[in-house]
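Novice: Submitted below is the structure of interest, expressed as structure tokens.
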Amino acid sequence: MTETEKLPVVVLISGNGSNLQAIIDSATEQPIEVRAVISNRPEAYGLERAKRAGIRTEVVNHRDYPSREAFDVALAEAIDRYQPSVIVLAGFMRILGHDFVRRYAGRMLNIHPSLLPAYRGLNTHQRAIDHGDSHHGTSVHFVTEELDGGPVILQARIPIEPDDSAETLQQRIQHQEHVIYPRVLEWIAKGRLQWQAGLPYLDGRPLDAPVVTDNPAPADHPCHRSAAG
């Protein structure tokens, strides 16, 4: 990409869209263009966030399709109309089929609220507390056919406090998500992060292990974005 080009992105959401908002905010200062926001739920508040920012929105309601495969086909058609370089899953609560994932191999990102590979799936905050972990976090990773199993790019790690509940831990983790997700998109936009032959490369080297940051954004910080490290 040249200095004047922007990374074209499509964001998929199902709900509130707080990570979407962080990405929208970062795009005012970074070479990122959110071309569309697509939701499988027409009531998703994230659609309103996109409209307020002047971003096109679409709804591909999974309830309108007889099978996951039919939904995946319709979703792919909607995505491809905007010709994105990267598809961002930001609270998108649908499991995508293998054909769909292969179609966008190396171009689709997800953020998961745990220090992967720990605690794949749901209820990650309570599981970390119940296990007695000293730290918890969130991970940005490439999407592969293995659920929450693609190569991890960047993680934010925070300590679990003695008085933490699942709710307070979730709130603190979300602050970190709002920093690291835009940061990974910035790396891609600036050519630092690339997908080559089925593997991620950062600054020209294979990313054999994720970059881990400790407390990149304090809980009381507005943390719309942090500069790339």
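The values are calculated or read from the model by the stated rules, or taken from the named source; none is laboratory data. Please read these numbers as outputs of a predicted model, since none were measured by experiment. So basically every Cβ, Gly included, is an ideal-geometry build from the backbone, and we count neighbours across all protein chains shown. Quick note on the areas: whole protein, heavy atoms, side chains included, nothing else; ligands and nucleic acids left out. Shrake-Rupley method; radii C 1.70, N 1.55, O 1.52, S 1.80 Å.
Novice: Does V73 satisfy the condition of being β-branched (V, I, T) and in a helix (DSSP H, G or I)?
Specialist: yes
Novice: Quick one: how many residues across region 89-122 are among the aliphatic types (A, V, I, L, M), over 12 Å from H141 (Cα atoms) and not in a loop (DSSP other than H, G, I, E, B)?
Specialist: Of the residues in that region, 1 qualify.
Novice: Have a look at Y201, Y181 and point out the one that is of a type outside the set (D, E), over 20 Å from H112 (Cβ atoms) and at pLDDT 95 or above.
Specialist: When all the criteria are applied, what remains is Y201.
Novice: Which residue pairs have Cβ atoms under 7 Å apart, sit 6 or more places apart or on different chains, and have a first residue in region 106-121 that is surrounded by fewer than 21 Cβ atoms within 10 Å (Cβ to Cβ) and a second that is aromatic (F, W, Y) and assigned to a strand (DSSP E or B)?
Specialist: Within 7 Å, the pairs are G106/F142; G106/W195.
Novice: Of all the residues that make up region 105-136, how many are within 25 Å of A189 (Cβ to Cβ) and either under 14 Å from the mean Cα position of the chain (by Cα) or modelled with pLDDT under 95 (or both)?
Specialist: Number of matching residues: 9.
Novice: What is the one condition in (1) touching a residue at least 24 places away in the same chain (Cβ under 8 Å); (2) in a loop (DSSP other than H, G, I, E, B) that Q176 does not satisfy?
Specialist: So Q176 meets the others, but not (2).
Novice: Let me ask something else about it. Considering (1) in a loop (DSSP other than H, G, I, E, B); (2) open to solvent by 20 Å² or more (accessible area, probe 1.4 Å); (3) farther than 15 Å from M108 by Cα; (4) not acidic (D, E), say which one Q83 fails and leave the rest.
Specialist: (3)
Novice: Would you mind finding the one in A78, A36 that is small (G, A, S), surrounded by fewer than 17 Cβ atoms within 10 Å (Cβ to Cβ) and touching a residue at least 24 places away in the same chain (Cβ under 8 Å)?
Specialist: A78
Novice: For region 43-60: of the residues being in contact (Cβ under 8 Å) with a residue 12 or more places away in the chain and assigned to a loop (DSSP other than H, G, I, E, B), which is most open to solvent (accessible area, probe 1.4 Å)?
Specialist: Looking at residues that are in contact (Cβ under 8 Å) with a residue 12 or more places away in the chain and assigned to a loop (DSSP other than H, G, I, E, B), I get Y45.
Novice: With the requirement that a residue be on the phi < 0 side of the Ramachandran plot and out of contact with any Leu (no Cβ under 9 Å at 6 or more places or on another chain), what does region 125-138 give you?
Specialist: R127, D130, H131, S134
Novice: Condition first: touching a strand residue (DSSP E or B) at 6+ places or on another chain (Cβ under 7 Å), buried (at least 16 other Cβ atoms within 10 Å of the Cβ) and in a strand (DSSP E or B). Can you find one or more residues in region 16-26 that meet it?
Specialist: No, that holds for no residue.
Novice: Here's something else I'd like to know. From I129, I160, which residue is among the aliphatic types (A, V, I, L, M) and open to solvent by less than 40 Å² (accessible area, probe 1.4 Å)?
Specialist: Exactly one of I129, I160 is among the aliphatic types (A, V, I, L, M) and open to solvent by less than 40 Å² (accessible area, probe 1.4 Å), namely I160.
Novice: Suppose we filter region 126-155 for residues that are touching a strand residue (DSSP E or B) at 6+ places or on another chain (Cβ under 7 Å) and more than 15 Å from L109 (Cβ to Cβ); how many remain?
Specialist: 5
Novice: So for region 72-88 (the condition being in contact with a His (Cβ under 6 Å, 6 or more places away or on another chain), of a type in the set (S, T, N, Q), under 19 Å from V143 (Cα atoms) and at pLDDT 95 or above), does at least one residue qualify?
Specialist: No, there is no match, as no residue in region 72-88 is in contact with a His (Cβ under 6 Å, 6 or more places away or on another chain), of a type in the set (S, T, N, Q), under 19 Å from V143 (Cα atoms) and at pLDDT 95 or above.
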